[in-house]
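Only one structure is covered here, and it is reproduced in the block below.
The values are calculated or read from the model by the stated rules, or taken from the named source; none is laboratory data. Keep in mind that this is a model prediction, so the values were computed, not measured. Every residue, glycine as well, gets a Cβ built from its backbone with ideal geometry; the counts of neighbours run over all protein chains shown.
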Amino acid sequence: RDETAAAHFDAVVVGAGLAGLYMLHRLRRLGLRVRVYEAAGGVGGTWYWNRYPGARCDIESMEYSYSFSLELEQEWVWTEKYPSQPELLRYIEHVADRFDLRRDIRLGTRVAAARFDEAASHWVIRTEPGEGAAQVAGDDLGRDAGTHAGTDAGETVSAQFLVMATGCLSAVKSPEVEGLERFEGDCHHTGRWPHEGVDFTGRRVAVIGTGSSGIQSIPIIAEQAAHLTVFQRTPNFSMPARNVPLDPETQRAMKAGYPEHRRLARESLFGIPADFPVKSALEVRPEERERRYQESWEKGNLVDILISYTDILFDRRANDTAAEFIRGKIREIVADPDVASALSPTDHPVGTKRPCLDSGYYATYNRDDVTLVDLQRSPIVEITPKGIRTTDGEHEFDDIVLATGFDAMTGALLSIDIRGKGGRSLREKWAEGPRTYLGIGTAGFPNLFTVTGPGSPSVLSNMVVSIEQHVEWIADCVAFLRRRGFASIDATVEAEDAWVEHVKEMGDLTLYPTADSWFMGANVPGKPRVILPYCGGVGVYRQKCDEVAAKDYEGFTLSS
Ligand code: NA7
């Protein structure tokens, strides 16, 4: 026991989103004493924070949901093909209640630091008040009243295992422009949206950023605002979501076929069942290709076009055929040819930046009250008290919306001062880019697990499928260690080096490294440019993880 620790747990889990909640559930089933810390004022992670207008998952609800409980899977009723943020948050809150998870969760509490105590073979974890602390304190009558609130903020506890369920897209990124603090109007980041919502009626609004968050919110903000100006640095590829209410028959059929469907998802490339393509885009006639891409366009599916042919993500010429198809659609939809051209991505192959699904995005630019500012022609110089100054002059606004994204995959982990063996910090170790074994462990940091960490498929997959796989692998590993009487597990440097090399090699086979994307760490100034997710697909990846476990955790050192 650490002298300074207020309490000792078998495991501490950081984060109460989809990953942290399931981790808690699994570890509890092993009989462990677990504490979860969550900085926010409620459970939900991504779906707690991202309350911007139009926030919606672009994986179908019946796929983007837990499979671990047959009753939950069968009883929960989804209302739309693509679940909105409020519906997802309701689902996650239901899970927290249904499995009685809240009693082990401390909301409004951020983990500030964690250091591995080698003598005791456990982690010493220091917390501080999180963003949600005030809200939790003032929310006695609210829905989280039953959840232990941030009263523990500022304590030190110890735990044998530390599981980081901190999310891949949770550390928000600012637009790195001068003067943001001088702006006299309201300014909101999509990833930190006010709970009470924002009414843009009659207001002059700026949106900076055209990733998923911008593309989902822009059509809705445009409907409310007196005038909307979109500041676009790089255009993105987007396809229609074709979201619809889920009719009972579709839902019933899906539920009947769930076991097989889930199995296919686990073995698939992206965590969504799909046929593997057999033909190259370059071997078929243009008309056939066009028909196939049109099918994708009609379907409203995030990855369908990427797996329409074998080489879309591997060969620039093949990719160009899909990219040109989408650019053609943009030209068809957008009336002004200059605007259409500005909205058409040419800098990156389709799919190498996270693609988007939208509801009326391109058509929004046909409105008289919407203006596109192409930052490649006129970059932002500064934010002024009244608005945004580009090299073309000042634009005045009442509100600025920052849809500028996240410090993806490593941001949340490195925001915590994590120190492993010999006091070495994770920030130091990962200075040239993250180094993990399987995206689950990192050498020199025993008993530390990352759920969907860098080097795992995570952001290149249906996140719930990846979360379940990691959580189950970690829980099985913990059960194994306890059964065999091991006190700690640590990745070997050799296994880690080999995995890092493998992740890079897999990345280099694809077109991903050709884009300045957050997959490559390229959206954050100064961040090392390395491929963050594993590109081999969730099925192959799962097999590798299972093999490691079957060989008594090959590549890890186990100590008594
Ligand atoms: P993204 O996809 O990272 O998009 C952020 C957008 O903001 C993107 O268009 C960026 O342009 C733009 N951006 C970022 N910084 C700036 C500055 N300094 N100036 C101008 N424009 C800027 O984040 P989202 O929140 O939309 O989506 C994140 C994920 O959530 C999404 O992929 C799904 O997985 C769900 P850039 O392309 O970097 O030139």
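Filter the stretch 351-378 down to residues that are within 18 Å of the chain's Cα centre (by Cα) and surrounded by 22 or more Cβ atoms within 10 Å (Cβ to Cβ), then give me how many there are.
So the answer is 5.
Contact list please: Cβ distance under 6 Å, first residue in the stretch 118-138 and touching a residue at least 24 places away in the same chain (Cβ under 8 Å), second residue surrounded by fewer than 19 Cβ atoms within 10 Å (Cβ to Cβ) and among the acidic types (D, E), pairs at least six apart or on different chains.
Within 6 Å, the pairs are V124/D2; V124/D117; T127/E155.
So D516 passes all but one of these: (1) away from the ligand (no atom under 16 Å from the Cβ); (2) surrounded by fewer than 20 Cβ atoms within 10 Å (Cβ to Cβ). Which condition number does it fail?
Here D516 meets the rest and fails (1).
Of the residues R33, R56, only one is of a type in the set (K, R) and touching a Ser or Thr at 6+ places or on another chain (Cβ under 6 Å); which?
Selected residue: R56, the only one of R33, R56 that is of a type in the set (K, R) and touching a Ser or Thr at 6+ places or on another chain (Cβ under 6 Å).
Hey, does the stretch 42-57 have a residue that's assigned to a loop (DSSP other than H, G, I, E, B) and over 28 Å from P355 (Cα atoms)?
yes
Looking at the stretch 155-177, I want the residues that are in a loop (DSSP other than H, G, I, E, B) and have a partner that is away from the ligand (no atom under 16 Å from the Cβ) and polar (S, T, N, Q) with Cβ atoms under 7 Å, at least 6 apart or on another chain. Which pairs are those?
E155/T127; A171/S415
Can you confirm whether S344 is surrounded by fewer than 20 Cβ atoms within 10 Å (Cβ to Cβ), more than 27 Å from the chain's Cα centre (by Cα) and hydroxyl-bearing (S, T, Y)?
Criteria not met by S344.
A quick yes/no check of all residues on (1) small (G, A, S); (2) away from the ligand (no atom under 16 Å from the Cβ); (3) in contact with a His (Cβ under 7 Å, 6 or more places away or on another chain); (4) under 22 Å from A475 (Cα atoms):
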position	(1), (2), (3), (4)
A6	yes, yes, no, no
H25	no, yes, no, yes
G31	yes, yes, no, yes
F68	no, yes, no, yes
L72	no, yes, no, yes
H94	no, yes, no, no
I105	no, yes, yes, yes
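Go through the residues of the stretch 431-452 one by one and say whether even a single one is under 12 Å from the mean Cα position of the chain (by Cα), crowded, with 22+ Cβ neighbours inside 10 Å and part of a loop (DSSP other than H, G, I, E, B).
yes
Just for the stretch 414-424: of the residues that are touching a helix residue (DSSP H, G or I) at 6+ places or on another chain (Cβ under 9 Å) and of a type outside the set (D, E), which one is nearest to the ligand (Cβ to nearest atom)?
Ranking the candidates gives L414 first.
Taking the stretch 268-303 as the search range and keeping residues that are basic (K, R) and in a helix (DSSP H, G or I), which one is nearest to D320 (Cα to Cα)?
Within the stretch 268-303, the match that is nearest to D320 (Cα to Cα) is R289.
Which is under 15 Å from L162 (Cβ atoms) and at pLDDT 95 or above, of A39, A5, A11?
A11
Mind checking which residues of the stretch 17-41 are out of contact with any Gly (no Cβ under 7 Å at 6 or more places or on another chain), touching a residue at least 12 places away in the same chain (Cβ under 8 Å) and part of a loop (DSSP other than H, G, I, E, B)?
L30, L32, R33 - these are the residues of the stretch 17-41 that are out of contact with any Gly (no Cβ under 7 Å at 6 or more places or on another chain), touching a residue at least 12 places away in the same chain (Cβ under 8 Å) and part of a loop (DSSP other than H, G, I, E, B).
Would you mind finding the one in R327, R263, R252 that is closer than 25 Å to R354 by Cβ and free of Cβ contacts under 8 Å to residues at least 40 places away in the same chain?
After applying the criteria, what remains is R327.
Within the stretch 209-248, which residues are within 11 Å of the ligand (Cβ to nearest atom), among the β-branched types (V, I, T), out of contact with any Gly (no Cβ under 8 Å at 6 or more places or on another chain) and not in a helix (DSSP H, G or I)?
T210, T234
Would you check if there is a residue in the stretch 83-103 being closer than 30 Å to E155 by Cα, touching a Ser or Thr at 6+ places or on another chain (Cβ under 7 Å) and surrounded by 17 or more Cβ atoms within 10 Å (Cβ to Cβ)?
For the stretch 83-103, residues closer than 30 Å to E155 by Cα, touching a Ser or Thr at 6+ places or on another chain (Cβ under 7 Å) and surrounded by 17 or more Cβ atoms within 10 Å (Cβ to Cβ): present.
Just to check your reading of the model, which residue among V459, V471, V478, V464 is in a helix (DSSP H, G or I), within 16 Å of the ligand (Cβ to nearest atom) and more than 26 Å from P528 (Cα to Cα)?
Being in a helix (DSSP H, G or I), within 16 Å of the ligand (Cβ to nearest atom) and more than 26 Å from P528 (Cα to Cα) holds for just one of V459, V471, V478, V464, which is V464.
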